[in-house]
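Engineer: Below you will find the structure I want to go over with you.
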Amino acid sequence: MEIKFADTFGESIKRLIWHQHPVYKFYELFRYKLPQFFENIWFFRKQLWEFRSWDYSFNLQFFGRTLEKTVNTIEFHGYEVDITRLKKVEKMKRVIELINNIRTDSYIEMAEKKLGEIKHIDWNFELVKDNPELYQLVDNHSAEEAEHNRKVYKLADEIENQEWSELFSILKGQDMEEYRKLFDSLTDNNKKGNLWLEWYDGSGMKHWWD
């Protein structure tokens, strides 16, 4: 059997060899890498300016910013078919939203939208009877108001825990073992070919590429 290679294959090999040449490496540095470096500095300028090493919030801020660029690339410049590509876009945008919620700690506001605003009443200080040199804080909330506030704080904690779980669930992605079992259970080749398109929900950070 005679094996023939198309001209494009030979050109591709030549290009790969050329890309390993020191002259090309030098060219690549000034033509691509340095411009990309300065572009990245500009894109992350706010995060670089604000970053501090003592709080996880700054790590999340960087990660959320990187996803903004990735989701824009995949949404507007991706080559993948729409049915799966747009699912990825949706999940990435949700991760950005979750990160923003966590960083801004907006869960009290979310709980208030469902249960009503927290009842804010001025606190008073009064002398301690047994020690007139000390003061104690007096809570002037009624029992009903105190119970309402407790429910709001409780719901805020629940929403925050749910969103943390959702964040890591999206990043982890679906159970691939479940997909393999479904795939192996099908006998129709056409159904096997379309299974991924139907089953995949866009989650799983390892799939976020184009």
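Values in this text are rule-based calculations from the coordinates and carry no lab data. All values derive from a computational prediction rather than experimental measurement. Here the Cβ positions follow ideal geometry from the backbone for every residue, glycine too, while neighbour counts run over all protein chains shown.
Engineer: Taking the chain as the reference, fit the longest principal axis to its C-alpha atoms, fit the long axis of helix 7-19 to the helix C-alpha atoms, and give the angle between the two in degrees, 0 to 90, nearest 10.
Structural biologist: 60 degrees
Engineer: A further question on this structure: Once phi is turned into ³J(HN,Hα) by the Karplus curve 6.51 cos²θ - 1.76 cosθ + 1.60 with θ = phi - 60°, what whole-Hz value does each residue of region 44-56 show in order, with x for glycine and proline?
Structural biologist: With the stated coefficients, region 44-56 comes to 9, 4, 5, 5, 5, 5, 8, 4, 9, 8, 9, 9, 4 Hz.
Engineer: For each pair in 33/93; 113/154; 69/91, compute the distance between the two Cα atoms and list the pairs where it is over 20 Å.
Structural biologist: 33/93
Engineer: For residue 9 and residue 86, what is the calculated FRET efficiency with R₀ set at 45 Å and r taken between the beta-carbons, to the nearest 0.05?
Structural biologist: Efficiency for this residue pair is about 0.85.
Engineer: With each run of n ≥ 4 DSSP H residues scored as -39500 (n - 2.57), what mean residue ellipticity at 222 nm is computed for the chain after dividing by its residue count and rounding to the nearest 500 deg cm²/dmol?
Structural biologist: One gets -21500 deg cm²/dmol as the mean residue ellipticity at 222 nm.
Engineer: Give the angle, between 0 and 90 degrees and rounded to the nearest 10, that separates the Cα long axis of helix 189-199 from the longest principal axis of the Cα atoms of the chain.
Structural biologist: 30 degrees
Engineer: Given labels modelled 7 Å from the Cα in the Cβ direction, how far is it in nm from residue 119 to residue 72?
Structural biologist: 4.8 nm
Engineer: Over the chain, what is the relative contact order in percent, taking alpha-carbon pairs closer than 8 angstrom and at least six residues apart?
Structural biologist: Value for the chain: 20 percent.
Engineer: Moving to a separate point now. Please state the shape class of the chain: rounded when a/c is under 1.5, otherwise prolate if a/b exceeds b/c and oblate if not, all from the C-alpha gyration tensor.
Structural biologist: Verdict is oblate for the chain.
Engineer: If you don't mind, another one. Hey, rough spin-label estimate for residue 53 and residue 26, points 7 angstrom out along Cα→Cβ, what's it come to in nanometres?
Structural biologist: Taking the simple label geometry, residue 53 and residue 26 are separated by 3.7 nm.
Engineer: Taking the Cα-to-Cβ direction at residue 188 and at residue 44 and moving 7 Å from each Cα, how far apart do the two end points lie in nm?
Structural biologist: So the two model labels end up 4.8 nm from each other.
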